[in-house]
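The values are calculated or read from the model by the stated rules, or taken from the named source; none is laboratory data. The model shown is predicted, which means the values in this text are computed figures rather than measured ones. Glycine gets a Cβ as well: all are built from the backbone with ideal geometry, and neighbour counts include every protein chain shown. Surface areas here come from the heavy atoms of the whole protein model, side chains and all, with no ligands, DNA or RNA. Shrake-Rupley method; radii C 1.70, N 1.55, O 1.52, S 1.80 Å.
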Amino acid sequence: MCARPKFLVHKNKQRLTKLAQYLIRSRRIEKNTRAEIVTMPSRDIKRENRKEAKAEKAARIQSSIEKQLLERLNDGTYNSAYKFSTSQYLSELQSDEEKRTLLKTNRQFSRKHKELEYEIDEDINR
């Protein structure tokens, strides 16, 4: 065996322990990491709130305009302006309403049907 200076041996051991401790720390940090919480800037939140408020306002205005136009049409305000019979238009409106009610009843029926199937499955599995 050749003689090595104790100083170099000691320095290399220190380097080795430093690397080992680094690896232990990195493994521990990697194991205990959790999802990083990302915050939204307040400017973006305010901008989104303004957009939502504008959209709600526009929707309310549009629905009120539609209601007023339907009221005027029902009252006969536009009889001379348009060359179609309002009775046909009103019958179409009524058929649309009937279609909507049919869709609602079908949805309710399908929900009840699914609930019954689920209950039957539970009874069978017991």
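If you scan the range 2-51, which residues turn out to be among the acidic types (Asp, Glu) and under 20 Å from the mean Cα position of the chain (by Cα)? Correct list: 44, 48.
Kindly indicate whether residue 36 is open to solvent by 100 Å² or more (accessible area, probe 1.4 Å) and either in contact (Cβ under 8 Å) with a residue 24 or more places away in the chain or in a loop (DSSP other than H, G, I, E, B) (or both).
Yes; evaluated as a whole, the condition is true for this residue.
All of 63, 85, 91 fail the test of being open to solvent by less than 90 Å² (accessible area, probe 1.4 Å) and at pLDDT 75 or above, apart from 63.
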